[in-house]
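Undergrad: Take a look at the following structure, please.
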Amino acid sequence: MSEGEKIQFNGNLALLRVCVIVFIANLLNFVVNMCISAGYGGFFSSLWSALTNSSFEDLLATVGLLVVSGVGLVVLLGVLAFAVLLALGIFALVKKSVKALEILAVLFLIWVVLCAFAMNPISGLLGNEMREVNLAQSFISLIFNINVVVAVAAFFVTSEKQDLLLRLCAICFAISGLNSLSHFIFTQLPVFQLAFFGVVYLAVGVFALVKKNVPVLMVGSLMIFIQILLNLFNFIRISGLDLYIAVSLVAHTLFHTSTVIAIAVFFIKPEWVKSCLQKMKG
């Protein structure tokens with residue numbers, strides 16, 4: 001951290017950045033999946049057809065109908081909410097605002113709870129059997145949720161402890177491991193891959209938390225990227241090369257908390273990582 005950053009912000013800057021990026025990533029993930037679901041259902045093609053083939057009077061009547069029915073108001077409020085939350089996240093990231101981060105954390109916690117009562121947007125792209133499994137996994141994820149861990153961690157960015165980012169990543173690995181093991185035990189179609197990665201993540205998280213060990217977290221991060229590739233391969237093998245599902249999975253992977261945490265691990269001790277890379281090149 002530079003001298004200018006120390007003057008402007010009194011706290012753990014790395015933790016603040018990771019928390020804000022997690023919030024923004026989840027926001028983008030939801031919006032992208034909603035758009036993909038709408039496109040999968042033919043909404044955008046129908047909308048484009050209506051815009052290009054309808055007369056001005058028909059379009060005006062349609063807009064009026066949307067306003068009267070209240071649908072237009074809901075869409076407008078959704079767009080405004082997305083814009084406000086994204087602006088709040090960018091403001092917290094650029095200005096290093098703790099207050100903005102805490103507001104985001106509270107809203108994020110509310111959002112996580114509300115998600116328990118709604119289907120995951122990606123579920124609409126799956127078959128009935130896989131949709132039921134996906135819904136069960138969503139409810140199980142509420143018990144061991146790394147998003148909740150990140151939201152709580154946002155209230156500790158002003159702490160004087162220097163290893164907060166390491167603790168956050170280690171706890172996220174442990175919670176992620178418990179989450180995977182829960183999926184393996186309680187879902188109707190147990191996948192042994194979940195059990196394997198669950199044990200690995202739990203062991204990595206507990207060991208790193210107790211021993212303050214960064215290299216083992218890096219090994220865990222590499223395992224996360226391996227699991228991502230395996231999941232993509234399995235979905236493509238089961239569902240085929242469906243464009244919407246493939247794009248949805250890629251977006252879900254890029255804008256996911258686990259991906260952010262896996263990358264953040266390499267910034268716990270950036271000087272040490274840089275020296276290791278230089279030794280590998282040399």
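The values are calculated or read from the model by the stated rules, or taken from the named source; none is laboratory data. Since the model is a prediction, treat every value here as computed from it, not as a measurement. No Cβ is skipped: glycine too gets one built from the backbone with ideal geometry, and neighbour counts run over all protein chains shown.
Undergrad: Can you tell me which residues in region 159-169 are over 17 Å from the mean Cα position of the chain (by Cα) and part of a helix (DSSP H, G or I)?
TA: Answer for region 159-169, where residues must be over 17 Å from the mean Cα position of the chain (by Cα) and part of a helix (DSSP H, G or I): Leu164, Leu165, Leu166, Arg167.
Undergrad: Can you name every residue in region 267-281 that is of a type outside the set (Asp, Glu) and surrounded by fewer than 16 Cβ atoms within 10 Å (Cβ to Cβ)?
TA: Phe267, Pro270, Trp272, Lys274, Ser275, Cys276, Leu277, Gln278, Lys279, Met280, Lys281
Undergrad: Got a sec? Which of Val150, Val157 is at pLDDT 85 or above and either in contact with a Leu (Cβ under 6 Å, 6 or more places away or on another chain) or at positive phi (or both)? Step through it out loud before you land on a result.
TA: On the way: Val150 fails: either in contact with a Leu (Cβ under 6 Å, 6 or more places away or on another chain) or at positive phi (or both).
After applying the criteria, what remains is Val157.
Undergrad: Within region 166-183, identify whether any single residue is out of contact with any Lys or Arg (no Cβ under 8 Å at 6 or more places or on another chain) and free of Cβ contacts under 8 Å to residues at least 12 places away in the same chain, and answer yes or no.
TA: no
Undergrad: Does Val247 satisfy the condition of being more than 30 Å from Ile36 (Cβ to Cβ) and either modelled with pLDDT of 90 or more or not acidic (Asp, Glu) (or both)?
TA: So Val247 does not fit the description; no.
Undergrad: Show me the helices (runs of 4 or more DSSP H) found entirely inside region 179-282 where at least 3 residues are within 21 Å of Asn147 (Cα to Cα) and not acidic (Asp, Glu).
TA: Where helices (runs of 4 or more DSSP H) fall fully within region 179-282 and carry at least 3 residues being within 21 Å of Asn147 (Cα to Cα) and not acidic (Asp, Glu), they are 192-211, 214-239, 243-254, 257-264.
Undergrad: Residues in region 165-180: is at least one in contact with a helix residue (DSSP H, G or I) (Cβ under 6 Å, 6 or more places away or on another chain) and loosely packed, with under 14 Cβ neighbours inside 10 Å?
TA: Scanning region 165-180 turns up no residue that is in contact with a helix residue (DSSP H, G or I) (Cβ under 6 Å, 6 or more places away or on another chain) and loosely packed, with under 14 Cβ neighbours inside 10 Å.
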